[in-house]
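Beneath this line is the structure, given in structure tokens, with notes to follow.
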């Protein structure tokens, strides 16, 4: 009997190991040994309660294992780690599962992609979402697929959009309850953006929210003529979720064509906006548009950070976003009310943000046919790479790109599946772009400290209870800083630009930190004294 | 159009033989069309300007397309071919434009005011002597495997740069710095420039040179003795970028107008072999 109970317990454990329930996703911060969602939890913090690696021992970090994807291009994945298994996606829609202790692969998946695809910025994928024993991936050919966690076998595969018209997916999905939420890419090709949810069991579409309203829908009037048909407003970064409010916060990208607004007069809703969508119906509860009628490619596709803090003397459910347009926004996430915006670097496109949240534009810096210098540049003061919020320091860590660009603007004809940019920008030829990691106080927008990068970054930030923040540079350095002071604790050159953000997990009592660089994943842990 | 049978046969027979000639004879169907030029400008900026410069006047990597020098053929058909197929053995890639887009780009390029064609009336042989002896250019620049390594290799500079650009580079070398290393792993990267950097070591020694690479923690440079020097920034007191070229500006005192003409004639003759 005792033996039978022991066996039963073992079976239950094995079962629990394979099953990631919605409840586990809601409580992801309670199991820091794993990394269960793109941002490590629904609040978008990219923070871990692990503290084995700390300011006192980070200098003894050393490599534990490396995994080579065997493909080229930007490696933008955020791996998930569940009970000793690491699941990642790679360039060209590759995917893999590894023994998280050794980096040895258990299975590999490679999607057979059509020859001609049009992602603006590389054949990238930013990672899986997980529920039960299924992994969900949104693919470059416009499909959403489910793979079995144990084998990598395809469970279901649905076409969500037409990749021939440049609708592609690069986003890591977000699982909420039993639905898989994705957002489309293609803002450089005149797509009509959307966020959609699929049934995790069957792949059937549950809802879809078009980010450019059609005729008869509210917001349609913000587009002149037929410009809405090619209006862009893609949704290519993973949103956050508040289970209490049952709201999904999903940010959107630039209107198309990004550099020329002559044929899309109006605010161009819901481009460059934060959408608050009912998780069950996809209905819009509220929106906030950061950059109306954008001419600078200021996608608002930065992970929304959900924080419960006092604001002006009373507890409030806040949403923080360090936006590509250069302002750190604080919104009330129950109703979208604008509370504050502060520039966190050099900004010239707007003089300030007014009390209603709208930018006060500077007419002197509008793009024109010959070129206008504007800060931040088109890559933004920050971009899609993750920020991190630490509940210990109460600081928002943001990688910033200190670059100004010369923006030019010209009309362009739309053609299905072709670039639709309305001209281009070039970096300021006089001042070389640099970057920094800034520790921002959300209450004031001020930087408590900053660590200067030689080049502008493409990688984000992870913070931990151990007080260490990890970040990757585009010059290939993976660095660990003291979260309170910004002091450089440790760094290592990984030989290629880092296009992603670190995660951490614990296995057999050892804390690991994993970062993609080049074509490889690198895992580090602290070596004994 | 339906051809009479015999004539059709004759056309078919001649077709294969005439193919090459026909390719040369194809002309841009949208030449001079303002709408095509506008579209071409937009396509050019999005796709070509990263190498050829915003206004096609040459960038760090691609030649000036207004210089009137078409190394790979100057006819519409030949340039069309260069754009679509790229140039094997160079950095010019094949491009996947629709034909109408390629023609629009060509219409745009042809619409640009040609670079001022200075009269290259100098004596090439005299210029060669200036390059290798009098002006000391070869101390820092290499041509076909001979010369110094501090400045850019000039073996093909005549095919890549217009005469005004060459003159400017000699008289005012700091006006537009040449691009150096571009990290192929970094899709959004900005190449480093051939600018002057001076580091001060912990011991107070000042070392000047051209930066070969640099990041947050380290710097690699070639000093004025053409020796590679590598430093960790934490070991240095100071790193200063001067945002100017190490090359001396050759004023009229150092290089008379006639000598400049000769030197340019020599540089202009340096082409792909």
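In table form, for the structure just shown:
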{"item": "Residue list for the stretch A:205-229, restricted to those being in contact with a strand residue (DSSP E or B) (Cβ under 7 Å, 6 or more places away or on another chain) and either farther than 29 Å from residue A:385 by Cα or not in a loop (DSSP other than H, G, I, E, B) (or both)", "result": "A:205, A:206, A:207, A:208, A:209, A:210, A:229"}
{"item": "Qualifying positions in the stretch A:455-478 - in contact (Cβ under 8 Å) with a residue 24 or more places away in the chain, in contact with a strand residue (DSSP E or B) (Cβ under 6 Å, 6 or more places away or on another chain) and within 14 Å of another protein chain (Cβ to nearest Cβ)", "result": "A:456, A:457, A:459, A:471, A:472, A:473, A:476, A:478"}
{"item": "Failed criterion for residue B:176 (all others in (1) in contact with a strand residue (DSSP E or B) (Cβ under 8 Å, 6 or more places away or on another chain); (2) within 14 Å of chain A (Cβ to nearest Cβ) hold)", "result": "(1)"}
{"item": "Pick from the stretch B:230-267, criterion farther than 20 Å from residue B:164 by Cβ and free of Cβ contacts under 8 Å to residues at least 24 places away in the same chain, ranking: surrounded by the fewest Cβ atoms within 10 Å (Cβ to Cβ)", "result": "B:253"}
{"item": "Some residue of the stretch A:369-382 being at pLDDT below 95, assigned to a helix (DSSP H, G or I) and farther than 18 Å from residue A:250 by Cβ", "result": "no"}
{"item": "Unmet criterion (only one of (1) within 13 Å of chain A (Cβ to nearest Cβ); (2) under 19 Å from residue B:28 (Cα atoms)) for residue B:80", "result": "(1)"}
{"item": "Residue within the stretch A:67-75 that is under 17 Å from the mean Cα position of the chain (by Cα) and outside any loop (DSSP other than H, G, I, E, B) present", "result": "no"}
{"item": "Out of B:209, B:151, sole residue that is more than 14 Å from every other protein chain (Cβ to nearest Cβ), within 27 Å of residue A:494 (Cα to Cα) and either crowded, with 17+ Cβ neighbours inside 10 Å or within 18 Å of the chain's Cα centre (by Cα) (or both)", "result": "B:209"}
{"item": "Any hit, the stretch B:205-216, residues being touching a residue at least 12 places away in the same chain (Cβ under 8 Å), in contact with a helix residue (DSSP H, G or I) (Cβ under 8 Å, 6 or more places away or on another chain) and not assigned by TED's automatic domain parsing to the domain that holds residue B:154", "result": "yes"}
{"item": "Counted residues, the stretch A:418-453 - those being more than 10 Å from chain B (Cβ to nearest Cβ) and on the phi > 0 side of the Ramachandran plot", "result": "1"}
{"item": "Residue match in the stretch B:128-147 (condition: touching a strand residue (DSSP E or B) at 6+ places or on another chain (Cβ under 7 Å) and either crowded, with 20+ Cβ neighbours inside 10 Å or within 14 Å of chain A (Cβ to nearest Cβ) (or both))", "result": "yes"}
{"item": "Condition met for residue B:109 (assigned to a helix (DSSP H, G or I), within 13 Å of another protein chain (Cβ to nearest Cβ) and at pLDDT 85 or above)", "result": "no"}
{"item": "Top-ranked residue in the stretch A:344-356 [being touching a strand residue (DSSP E or B) at 6+ places or on another chain (Cβ under 7 Å) and surrounded by fewer than 19 Cβ atoms within 10 Å (Cβ to Cβ); ranked as nearest to residue A:436 (Cα to Cα)]", "result": "A:346"}
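The values are calculated or read from the model by the stated rules, or taken from the named source; none is laboratory data. Because the structure is a prediction, the values reported are computed rather than measured. So basically every Cβ, Gly included, is an ideal-geometry build from the backbone, and we count neighbours across all protein chains shown.
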